[in-house]
1. If Y51, Y102, Y97 are ordered by their accessible area, calculated over protein heavy atoms with a 1.4 Å probe, which sequence runs from highest to lowest?
2. Straight-line reach only, C-alpha to C-alpha below 20 angstrom: list the lysines that K385 could link to, leaving out same-chain residues fewer than 8 apart.
3. How many percent of Cα pairs in the range 327-386 exceed 12 Å?
4. How much accessible area per residue does the range 331-387 have, counting only protein heavy atoms and a probe of 1.4 Å, in square angstrom?
5. Using θ = phi - 60° and the Karplus relation 6.51 cos²θ - 1.76 cosθ + 1.60, list the HN-Hα couplings for the range 145-151 in order, rounded to whole Hz, with x at every Gly or Pro.
6. Got the relative contact order for the range 127-212 handy, in percent, Cα pairs under 8 Å and 6 or more residues apart?
7. Could you check the spin-label model distance between E76 and R406? Points 7 Å from the Cα along Cα→Cβ, value in nm.
8. Tell me the carbon and sulfur percent of the accessible area for the range 35-103, rounded to whole percent, probe radius 1.4 Å.
Amino acid sequence: MISRLILALSIGFSGTQASLASPEPSTAALSLETVYQLAVDQAPSLAIAQYRVDSAEAQSADARGSLLPQLSLFGEWSENKISYDGSLSALYGRQNYPGERYGFQARQALFNVAAFREMQRRRTLFDRSESDLSVAKMELIMVVTNAYLSVLIADDTVKQFAMESEALQKQLKEAEALYARALLPLTQVLETQTRSETVKADLIEAEGNAAIAREELTEIIGQRNFELMPIADSITLLARMASPEQAVAQALENSPAVSAAEEGRDAAELGVKREKGSWWPEVSLVVNQQYSDVGFDNQTSPARTTDSVSISVSYPLIRGGSGSARIRGAWADYYVAKEELIGTKRLVETQTRSALVRLDAAEKRVRAAQQALDTSEVTVTATQKSVKAGTARVTDVLLALAQRTRAQGDRLFANQQRIMAWLELELMMGNAPDTVAPVLSDALLSKAAVSATTLSQ
């Protein structure tokens, strides 16, 4: 069943009544792709992830710079004065020895294991920040799609309750007319009236839920007054995997979350090597040139230029236990990162298999809900005719109307779950959100929406 489902996923959002069909979208109506792009521009989580990429890139460049040649200039200008006390003050008086010293120093690391490992670690952390950015984009498109569908479903739910309320009002008038001619007992009139008031309350609640759904989407995209393009009657989305095992293998290979965890482990391992490298000698080449013209303590020296080339060697012997403590801490960080990688792989596998199961279950539920909806449509019509013929009770009509509304809601919910499962599966397989968004958006557009968009262009 899964194999047939994932080869071709057909999603149908059928209209409920011609009189309540979705209106032609205006030029301002937003597609899923447009909503996603608005969310990308507005999402704080995405901006934070991008700033972390920029920060990691800067830190990587800083670590690399510590291994490149370092050049510094220095200078010192002084005014030295000597004055004698007592009997010598008249003989020597006050003496001035102005001085100046300036030059440059060039240093190149020749052997520095700790700095080299730190450069590698920072580069790996930069790679992880990019993987974290990809994860943030995946989470964003999931949130955007769910909010987008929630608004459309909430609006459709309002239409269904409005349709049922209108039908109940008509049924109530018919019941009152039959009661006036003593053809219907009062209890059935009261039952119709009670159900009508209940549906009115349900309609108010549905309108509130629709407003809340719009507020949630407003928070994501940063726009309050918007219209969404209607959903197509028939949607075909193709999946790429042939079996759950292949899906899991592909997800583990392409998942940004797994990549981020692997890069975190590699960075922690390089952290251990960095701390071990701090116990190796540090060797640097130092080149100095200095000009000096300084006199002091009643001595004068002629101006001179000094050139020197030296090899600087530093080797740690005792650090009071701080070095070994840092190594132990680095090992602990490595083991934490290793366990996080194991947990991430398990989570990705679970999410992939769960998405396949939800996809299969949602497909079955959509078919069952569609059958229930078709049956309820026939039942409503037949029951209304039977009441007029005197072979059925008004209560039967009420139950049929309620069943139709419930079946419509079940079908909409199942369709939402099916789309979300397909989207999660595509993202797990390694499809980038920027690639999936236009594909899904085009698949969701109805012919009316496409025609209106073409005319507006």
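The values are calculated or read from the model by the stated rules, or taken from the named source; none is laboratory data. Remember, predicted model here, so these are calculated numbers, not experimental data. Note that each Cβ is placed from the backbone with ideal geometry, even for glycine, and that neighbours are counted across all protein chains shown. Ligands, DNA and RNA are excluded from the accessible area calculation, which covers all protein heavy atoms including side chains. Shrake-Rupley method; radii C 1.70, N 1.55, O 1.52, S 1.80 Å.
1. Y51, Y102, Y97
2. Within the straight-line limit of under 20 Å, K385 reaches these lysines: K170, K173.
3. Everything past 12 Å amounts to 77 percent.
4. On the way: 3260 Å² over 57 residues.
Here the per-residue accessible area is 57 Å².
5. Those phi angles translate into 5, 5, 5, 4, 5, 4, 5 Hz.
6. Details: 40 pairs, mean separation 32.8, N = 86.
This gives 38 percent for the range 127-212.
7. 9.2 nm
8. Ligands and nucleic acids excluded, carbon and sulfur reach 53 percent.
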